[in-house]
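A short worksheet on the structure shown next.
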Amino acid sequence: MDNRASRSTRAGRRGPWALLLVLALTAVIAGCTPAGQQTTPAGDRHTLVVGATLEPASMDAFHNSAASIPQVLLYNVYETLVKVDSDGKLKPLLAQGWEVSPDRLTYTFHLNPAAKFASGAALDATAVKTGFEKLKADTKLTETLRAQAAIVASVEAPEASTVVFTLTRPSLMWLYDMSSTLGMVVDPTFTGDLATATAGSGPYTLQKLNKGTSVVLGKSPSYWGTPGRFDEVTFRYIADPNAQNAAMLSGEIDVVSNLQAPESLAQFSDTSRFSVIRGTTNGEVVLGLNHQTKALQDLRVRQALTMAIDRTALRDTVWNGEGTLIGSMAVPTDPWYTDLSGTNPYDPARARELLADAGYAEGLTLRLRVPTTAYATKSAKFVASQLRDVGVTATIEELDFNRWLAEVFTPDDAGKSNYDMTIVAHVEARDLGKFANPDYYWHYADPEFVRLFTEADESGTADQVAGMQSAVKFLADDAAAIWLFALPNLVITDAGITGIPQNATTLSFDLTTIASA
Amino acid sequence: MSVLARQVARRLGIFAVTLLGASVLIFAITSALPGDLAQVMLGLDASPEALAALRAELGLDRPLPLRYLAWVGGMLGGDFGISRLSGYPVLQLMAPRFAVTGWLVLFGMIGALLIAVPAGMVAALKRRHWQGFAVNALAQVGMAIPVFWGGILLVSLVAVRLRWLPANGYVPLSQDPAGWASHLVLPALTLSLVQGAVLIRYVRSAFVEVLDEDYYRTARAIGWRPAPALLRHGLRNAAMSLVTVLGLQLSAVLVGAIVVEQVFALPGLGTLLLTAVQQRDLLLVQGTVMFLVLAVLAVNALVDFSYLAIDPRQRTGESR
């Protein structure tokens, strides 16, 4: 009887299970179609799907400082007079060439006469002048852009293909700024909303915004230069690093634009399917020291802390051995980069001596307050354990990023910052000038450094590189902070795709050099 | 009928009071979140003047009770406010997301029932045999698996190794029905497996009770075989406790759905809520949580009304 009962129960179960199976099979068949497309020979590829992390809330880079906007738009949809290439060098884009006056105050750009907007409107000197003047007058511009634009005294358009910028003071940083969001030339005939539509001159135009999932670019049919390689490029946003890797492994995306978890590199070791591109970003992972903390005002203490940390071992443990050891506020693609990672080398014995000299033989307790980002929390644990070996107690506090902004990054009303040490990646390009600002959260601004930096920024090109080199070296020797490593640019692509820029020197994910062999 | 009307009125009263309490709680908690909204929005390089101007524009300088009243007043008129970071109305942002979460929860629940009812019946009928023990053991394992881990396992097997289904992402139903279905299978299955495992125990005990009832013994005595007897006479009785549990489990399923949305990169209410919290888009956070609370309360009210449908005795006010 029991046997019979169990048979009938099994029969009863078969109904729903069969239904599930049919459902699953239908889905499998449905799912096969996109998977099949992935296996087309790369030479026939007309579309590209790029996996990225953060979805932009808007397409308007002038009123929203999120880096995810220029990631999609810069060089791909909007173009600038000059661009920065993968090696960090300035290259012509809308301007075929440019001259700088001897006093370094006047920049004359010669526009490419072929240049025009996707709408068909002419991209001439008047368009550049009108656009920049509109930008300068915009009171809601992001703070960074406002500061960058303030240095421009006037813009003139003496000829259709000549545009002249006059600065209030010499600065070579300005030309780099013009190669980024500040320099994006917007079609003056456009009257819509830049948050949801684009009006550029690049090889792609915005085709579709799929809120919550993706941004789709389409090839601009009337592009003035070499046309875009793909008919359609989709930036798909997957916040979770595991999910992004899974999408790459299962062939739904063609590119992981920046691998978030370097420990997962091993998953992409099959060279017949994947290529791994290793380069550098502009992100310096800085163990920031608060120069308002009495102990940290002593050079010997700062040197001792640097020497106590084995930065090679830290990078191997925390970031899977990826990334460059830098030793100061410059990354390998900066023109003034020199390898300073040997400054104050790992030497715990010497660190203990220096601490004893400075009067901390009995030990020292410092608060290490870090944001809850992967590199910061992992680094903090490593740093705390190494500092313990030289008698320094680092008490770790992990803060959600917004709390970190409010409590560590933003000084209180009296100008005091509430931390001793912190770890954060500074991802802006050529950002050593931050050390020249006494109100910035490190409160550093050594007068000698400020002098070196300002002179270098205002000097001529050749002198500038040498000048910046001295400024960067000064920071390293003075142990103004502890530079752990430069964040690597780790890009995974489908094996057939070539031409992905090796280094992330700008905010752009530059599609213009990508090809599929 | 008057019993029915009184029942309905009582439920609606509780519904309204709970909503009001929830709105106060949600507002109080989001207002207490650390971090300066203006600073978050303007980024690291904001000037103090720009920060002050934005705080005034956002109304952050107004007293809390006034801000609360303005928020609730707006919602009563169907206006959930504007998401400050994206500039879109909160309702407009939530609507497409609700569809995603709705599908996920619906299929997750259906799948959970399809797993739990047959398995629970086996566990009840065979409770002294190895089959029953096996079902119980599997249910324990299923409950012990965290949702995200179950999702990752399914992805690495079905999407990465076999490449049968997409690993994550979403396509709207209107755009591509086949793509829509293929993107929902794994997330819904993940939710079903975990929720199904939880439900098995309830289904089992509900049926075990039925097995001791006189009507079941009578059915067996007149020649019904165990499983059909259980289905014909037991299901409706077991359904009462099952529906109660389903209603209670809904909030757990919603929490599960939020996690599943992360693992599968689905653009649902969960991902919207998490991004909004990270970006301190307060009106969006408040609006989304309020909406989720409303959904859970509404379903619980429906559960209460469904007793009236399942159990005729409750309609007439008769007791057993």
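Only the coordinates and a few stated rules stand behind these numbers; no lab work does. Keep in mind the model is a prediction, meaning the values are calculated, not measured. Here the Cβ positions follow ideal geometry from the backbone for every residue, glycine too, while neighbour counts run over all protein chains shown.
Around the amide H of A:Ala515, modelled in the peptide plane, lie the amide H atoms of A:Thr498, A:Gly499, A:Ile500, all under 5 Å away and 5 or more residues distant in sequence or on another chain. Residues A:Tyr107, A:Tyr78, B:Tyr88, arranged from fewest to most other Cβ atoms within 10 angstrom of their Cβ, appear as B:Tyr88, A:Tyr107, A:Tyr78. Counting only alpha carbon atoms, the long axis of helix B:130-144 and the longest principal axis of chain B meet at about 10°.
For chain B, excluding the exposed loop sites themselves (GluC sites (Glu not before Pro), DSSP loop, at most 13 other Cβ atoms within 10 Å), the longest remaining stretch covers B:1-212. Could you please report the charge total around A:Gly327, scoring K, R as +1 and D, E as -1 over all other residues with beta-carbon less than 15 angstrom from its beta-carbon? Local charge sum for A:Gly327: -3.
Of the cross-linked pairs A:Lys91/A:Lys134; A:Lys129/A:Lys219; A:Lys211/A:Lys434; A:Lys140/A:Lys378, those separated by over 29 Å at the C-alpha level are A:Lys211/A:Lys434; A:Lys140/A:Lys378. Cβ-Cβ distance of B:Ile29 and A:Asp193, R₀ of 51 Å, FRET efficiency by 1/(1 + (r/R0)^6): the value works out to about 0.90. Within segment B:1-136, the ratio Rg/Rh, alpha carbon atoms throughout and Rh by Kirkwood, equals 1.20. Rounded to the nearest 500, the 222 nm mean residue ellipticity of chain B from helices alone is -25000 deg cm²/dmol, with -39,500 (n - 2.57) taken per DSSP H run of at least 4 residues. For segment B:104-149, trypsin sites (Lys or Arg not before Pro) are listed when DSSP marks them as loop and at most 11 other Cβ atoms sit within 10 Å of their Cβ; the list is B:Arg128.
With the cut-off at 1.5 for a/c, could you classify segment A:374-517 from its C-alpha gyration tensor as rounded, prolate or oblate? Kindly include the intermediate steps, with their values, before the conclusion.
Working: a/c = 1.99, a/b = 1.23, b/c = 1.61.
It is oblate, given that a/c is not under 1.5 and a/b is not larger than b/c.
Reported to the nearest whole Å, the Cα centre-to-centre distance from segment B:249-320 to segment A:336-412 is 45.
Can you bin segment A:131-251 into rounded, prolate or oblate? Criterion: square roots of the alpha carbon gyration tensor eigenvalues sorted a ≥ b ≥ c, rounded for a/c under 1.5, prolate for a/b above b/c, oblate for the rest.
Working: a/c = 2.26, a/b = 1.73, b/c = 1.31.
Prolate, because a/c is 1.5 or more and a/b exceeds b/c.
Couplings 3J(HN,Hα) of segment B:197-211, computed from phi: 4, 5, 5, 3, 4, 5, 4, 4, 5, 4, 6, 4, 4, 4, 4 Hz, in residue order, whole Hz [Karplus 6.51 cos²θ - 1.76 cosθ + 1.60, θ = phi - 60°; x for Gly and Pro].
Using a cut-off of 10 Å between beta-carbons, work out the net charge of the residues near A:Thr213 (Lys and Arg +1, Asp and Glu -1, A:Thr213 not included).
Values: positive: A:Lys211, A:Arg236; negative: A:Glu55.
Its environment carries a net charge of +1.
The convex hull of the Cα atoms of the protein assembly as shown, projected and averaged over all directions, covers 41.6 nm². What separates the Cα centres of segment B:164-235 and segment A:211-282 is a distance of 39 Å.
Just to confirm a number: summing +1 for Lys and Arg and -1 for Asp and Glu over residues other than B:Leu272 whose beta-carbon lies under 10 angstrom from that of B:Leu272, what do you get? Walk me through the numbers before you get to the answer.
Working: positive: A:Lys211, B:Arg97; negative: B:Glu261, B:Asp281.
Every neighbour counted, the sum reads 0.
I'd like to know which of A:Leu366, A:Leu249, A:Thr505 lies farthest towards the positive end of the charge dipole of the protein assembly as shown, counting +1 on Cβ of Lys and Arg and -1 on Cβ of Asp and Glu. Farthest along the dipole direction, towards plus: A:Leu249.
Counting only DSSP beta bridges whose two residues both lie in chain A, roughly 75 percent are antiparallel. Given axes a ≥ b ≥ c from the Cα gyration tensor, I'd like to know whether chain B is rounded (a/c under 1.5), prolate (a/b larger than b/c) or oblate. In terms of gyration-tensor shape, oblate. Remark: chain B carries a charge dipole of roughly 1400 debye about the Cα centre, counting +1 on each Lys and Arg Cβ and -1 on each Asp and Glu Cβ. Distance between Cα centroids, segment A:428-480 to segment B:109-137: provide it in whole Å. That distance is 70 Å.
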